[in-house]
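These notes concern the structure reproduced below.
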Amino acid sequence: MIWLRQTSAIMRLFLRRFALTPLNLTSIFVTPILIALIFGSADARAVSELPIGVQVSHPSAAATAFVKALDAEPGVVVHVYKTNVGLVRAVRRNDVAAGVVYAEPLGLVGNPRDPVSTASLAVVQSLARRSPDPTHTGEVTVSELATAAHSHQTGLPRAAAGMLVYFMFVNVCCNASLLLMEDRRKGVFQRLASSPIPQSSIVTGEVIGRLFIAVVQGLLVALVSSVVLGATWGATLPFTLVVVEIAAVAAGLSVLIGVGLNTSASDALITTNALVASAALLGGCFWSLQIVPRTMQILALITPNAWAMRAIDSLVARGGGISDIAVDLLVLAGFAIALLGLAIVRLRRLTVVAGVAR
Amino acid sequence: VRRLLHDPAALIAIIAAPFLLTIITSVSLGAPPKIHTGIGIAGAPVPANAAQGDFSVRSVGAADAPGMVRDGTLAAAVVVPANGSAPVVVVGSKNNVIAREVATSIAHTISDARAGAPVESTAVEPLPLGRKPLDGAEVYGPVIAVFFVLFGVGSISRRLQSERADGTLNRLLSSPIRPSVVLASKGIVMFGVGVVEVLVVILTTTLLFGADWGNPLAVALVTLAIVAFGVALATMIAAVTKSSAQAQGLEYAAAMALVALGGHIVPVRNLPSAAQTIAHYTPNGAAIEAFGNIASGTGSTASQLAPLMLMLAAIFVVGVIAMSRIRSVLVT
């Protein structure tokens with residue numbers, strides 16, 4: 001009972017210090033949602049919009065009708081350029097996926113490196129084979145099928161999942177590890193070692209506090225992004241398991257960083273941010289791993305982020321259950337056990353050394 | 001500078017992190033992602049000029065089309081009913097909006113022809129693009145370079161606050177060294193850090209990924225301008241804050257806001273139109289635009305460097321605020 005009270009006191013102390021920092025609160029409540037909103041709306045546009053540049057050499061009623069008709073084509077967003085130089089620059093820079101010079105004949109210029117360039121050219125060619133007059137349009141109905149076996153998240157849900165995983169690591173690994181470093185610098189562990197609090201309470205309190213923050217952060221982002229962005233997270237139990245496992249990995253990493261890094265808070269923040277951002281970029285938190293080369297898809301698997309994103313993708317896009325994400329859960333558990341184990345050993349050693357120093 | 005060179009964390013921030021992130025981004029986004037492009041047409045002959053760009057269009061059975069879309073064999077299908085009055089149906093996949101849009105466009109063309117609409121077919125000819133389009137490293141290299149300038153130079157201004165807090169600054173100022181010399185030395189180091197960060201990205205993308213940044217002189221001008229803006233911003237933040245923690249928080253917030261608004265996070269073309277406009281008016285967005293113009297090699301150098309004017313205006317405004325307030329940090 002006393003052990004529990006002492007552990008809980010250590011944990012509460014850590015949580016109070018963490019939660020009273022405005023930067024941490026911003027990182028928990030505001031930044032993930034804002035970035036998910038930007039990423040998500042852009043991701044949705046990237047997989048649905050066909051940005052096409054048009055330059056009209058000689059303005060005429062026919063040219064205006066063509067531009068209007070092109071703009072009305074499904075997915076097309078027309079950008080008008082005054083000069084040919086402006087249009088070509090826009091195509092080369094990927095500002096637009098394809099360019100159209102309205103003249104006789106119609107000039108088409110595509111960007112072979114742009115993923116939607118061929119689709120954009122296809123739509124222009126399709127329009128070029130019919131009258132641009134909208135009154136002549138025949139009736140077309142569109143039906144949409146769910147291709148469950150091949151589905152992957154896109155748009156806001158994918159961005160929300162990416163930010164959920166990324167910010168769980170940002171807050172716990174970058175911000176929470178700084179508190180541990182500060183404690184080491186200020187000799188807090190020496191003072192704790194001189195108190196009757198057992199070493200195991202200190203270690204458990206520090207680890208559980210971080211785990212708690214990460215779980216709360218994950219569930220908060222999930223809840224807020226469901227309400228604000230319409231994100232869904234699949235079956236509750238498997239999703240909660242994924243969040244808890246990511247939290248355990250992040251908590252272990254946070255303690256390891258806090259115990260192992262000997263530098264100023266400012267430099268530590270930069271170093272951990274670089275580490276966490278690299279893992280997020282590699283692991284598919286910022287863009288879907290579906291669009292990266294095979295080598296990068298394989299390399300991504302060295303990060304826990306990639307396994308977490310795989311699991312969430314399976315739950316959300318394909319309606320998977322625990323059996324579908326069993327491998328992902330096992331690998332995440334492996335990461336968690338390894339990192340938490342190492343973290344506990346290092347933290348115990350730190351408190352023992354502090355006791356000896358006393 | 002000596003302290004920086006002996007500080008592993010600083011070296012990670014200035015050299016290793018830009019290097020690593022440039023490699024990850026360039027490899028990941030260097031090759032264009034593949035979009036499944038098979039479209040089936042059922043109930044009508046495939047048009048003679050069926051080559052819809054690189055979209056492959058083939059004839060399929062009307063009964064098979066939905067199944068083929070569902071199992072991923074086709075990206076989308078156009079089903080033309082035998083009954084002339086029934087509408088043409090597009091069967092699309094929830095997962096491939098682009099293919100559905102192309103199929104819908106093809107369906108409209110087929111539907112118009114069925115309805116007997118006047119055909120006003122326009123001749124089409126492909127135009128050369130000239131120089132190759134920018135590749136992943138050329139598009140994302142400037143984004144990463146400017147990102148690190150915004151986040152990197154602030155570490156020096158935070159050191160100013162730390163030195164003020166631990167008394168080092170007071171001791172320094174009590175020596176014959178003038179405050180302006182102290183400030184100038186910090187500014188020069190900040191400037192050097194920013195330039196090194198950009199150079200790391202330029203060298204990484206050029207040597208490892210064959211990126212062509214364009215006219216070196218123009219690239220140098222834009223680099224100097226964005227680093228000068230970063231230094232001015234960091235100095236202003238150092239001037240208006242009272243502690244290293246405050247400076248850190250404000251720098252993070254300012255850098256995040258600029259990164260979000262300036263089009264670092266996602267390509268500007270995918271942002272809502274209002275956000276696209278805002279991106280062009282941020283100093284970092286202007287720098288990315290200028291780097292892109294130079295790398296594209298299109299138009300005159302003057303037109304490529306047009307966004308520089310906005311950057312110079314931002315440097316002037318932020319710089320004036322910074323210089324008017326920084327003295328208070330040095331004398332208190």
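A few remarks follow.
- Probe 1.4 Å - accessible area at residue B:108, Å² to nearest ten: 40
- The stretch A:165-278: C-alpha gyration tensor shape, a/c 1.5 cut-off, then a/b vs b/c: oblate
- For the stretch B:246-321, convex hull of alpha carbons as volume per residue, Å³: 102
- With respect to chain A, whose longest principal axis is taken over its alpha-carbon atoms, helix A:61-72 is tilted by about 30°.
- Compared with the rule-of-thumb size 2.2 N^0.38 Å for a compact globular protein, chain B has a Cα radius of gyration ratio of 1.38.
- 10 Å Cβ neighbours from other chains, averaged over peptide A:292-305: 2
- For residue A:108, the residues whose modelled amide H falls within less than 5 Å of its own, excluding neighbours fewer than 5 places apart on the same chain, are A:101, B:125, B:127.
- Principal-axis tilt of helix A:117-128 within chain A, Cα atoms, nearest 10 degrees: 30
- Helix A:265-283 axis, angle to chain A major axis (alpha carbon atoms, nearest 10°): 50
- Rolling a 1.4 Å probe over the protein chains gives residue B:326 an accessible area of about 0 Å².
- Under the Karplus curve 6.51 cos²θ - 1.76 cosθ + 1.60, θ = phi - 60°, whole-Hz ³J(HN,Hα) for the stretch A:104-111, x wherever Gly or Pro sits: 10, x, 5, x, 10, 9, x, 10
- For chain A, accessible area per residue (1.4 Å probe, heavy atoms of protein chains only), Å²: 40
- Average accessible surface area per residue within the stretch B:148-292, 1.4 Å rolling probe, Å²: 39
- Pairwise centroid distance, computed over Cα atoms, of the stretch B:152-193 with the stretch A:1-68, Å: 35
- Shielding by partners, peptide B:80-92 (average Cβ within 10 angstrom, other chains): 3
- Spatially close Lys pairs in the protein assembly as shown, defined by Cα atoms under 20 Å apart and a spacing of eight or more places or different chains, total 4.
- Coarse-grained scattering of the stretch B:209-295 at q = 0.21 Å⁻¹, given as base-10 log I(q)/I(0) from a Debye sum over alpha-carbon atoms: -1.03
- FRET efficiency estimate (nearest 0.05) - Cβ-Cβ, residue A:290 to residue B:196, R0 51 angstrom: 0.90
- Fully extended contour minus Cα-Cα distance, from residue B:131 to residue B:168, at 0.36 nm per residue: 7.9 nm
- Here chain B exposes an accessible surface that is 68 percent carbon and sulfur, computed with a 1.4 Å probe and the other protein chains kept in place.
- Our coupling estimate for the stretch A:93-102, obtained by passing each phi through the Karplus curve with A = 6.51, B = -1.76, C = 1.60 and θ = phi - 60°, is 7, 6, 5, 10, 7, 8, x, 10, 9, 7 Hz, Gly and Pro reported as x.
- Shape category assigned to the protein assembly as shown from the gyration tensor of Cα positions, a/c cut at 1.5: oblate
- Whole-angstrom gap from the stretch B:266-332 to the stretch A:173-235, using each part's C-alpha centre: 38
- Peptide-level mean, for B:136-143, of C-beta atoms on other protein chains within 10 Å: 1
- Close amide-amide hydrogen proximity is noted between residue A:142 and B:90, each under 5 Å apart and 5 or more residues distant or on a separate chain (H modeled in the peptide plane; Pro and chain starts excluded).
- Gaussian network model of chain B, Cα within-10 Å springs - most flexible of B:187, B:67, B:285: B:67
- Comparing A:334, A:307, A:351 along the charge dipole axis of chain A, the residue lying farthest to the positive side is A:351, per the Cβ-charge model.
- Listed by number, the DSSP H helices of chain B that run 20 Å or longer by alpha-carbon position along their axis and have mean Kyte hydropathy of at least 0.5 are B:136-152, B:179-209, B:216-240, B:244-261, B:308-331.
- Difference of contour (0.36 nm per residue) and Cα-Cα distance, residue A:182 to residue A:323: 46.5 nm
- Gaussian network model of chain B, springs between alpha carbon atoms under 10 Å - residue of B:307, B:126, B:272 with greatest fluctuation: B:126
- Karplus (6.51, -1.76, 1.60) ³J(HN,Hα), θ = phi - 60°, over the stretch A:78-83, in Hz, Gly and Pro reported as x: 8, 10, 9, 10, 7, 10
- A straight chain from residue B:181 to residue B:46 at 0.36 nm per residue would run longer than the Cα-Cα distance by 41.0 nm.
- Computed from the alpha carbon atoms alone, the convex hull of the stretch B:88-228 holds 217 Å³ per residue.
- Placed amide H near residue A:56: partners under 5 Å, 5+ positions off or other chain: A:81, A:102
- Applying a DSSP loop filter and a limit of 16 other Cβ atoms within 10 Å to the trypsin sites (Lys or Arg not before Pro) in the stretch A:29-129 leaves A:82.
- Area hidden from solvent between A and B (accessible, protein heavy atoms only, 1.4 Å, total, Å²): 8100
- As a fraction of the 1.4 Å probe accessible area of the stretch A:175-308, surface on carbon and sulfur atoms comes out at 71 percent.
The values are calculated or read from the model by the stated rules, or taken from the named source; none is laboratory data. Model, not experiment: these values are computed from the prediction. Every residue, glycine among them, receives a Cβ derived from its backbone with ideal geometry; neighbour counts consider all protein chains shown. These accessible areas exclude ligands, DNA and RNA; they are computed on the full protein's heavy atoms, side chains included. Shrake-Rupley method; radii C 1.70, N 1.55, O 1.52, S 1.80 Å.
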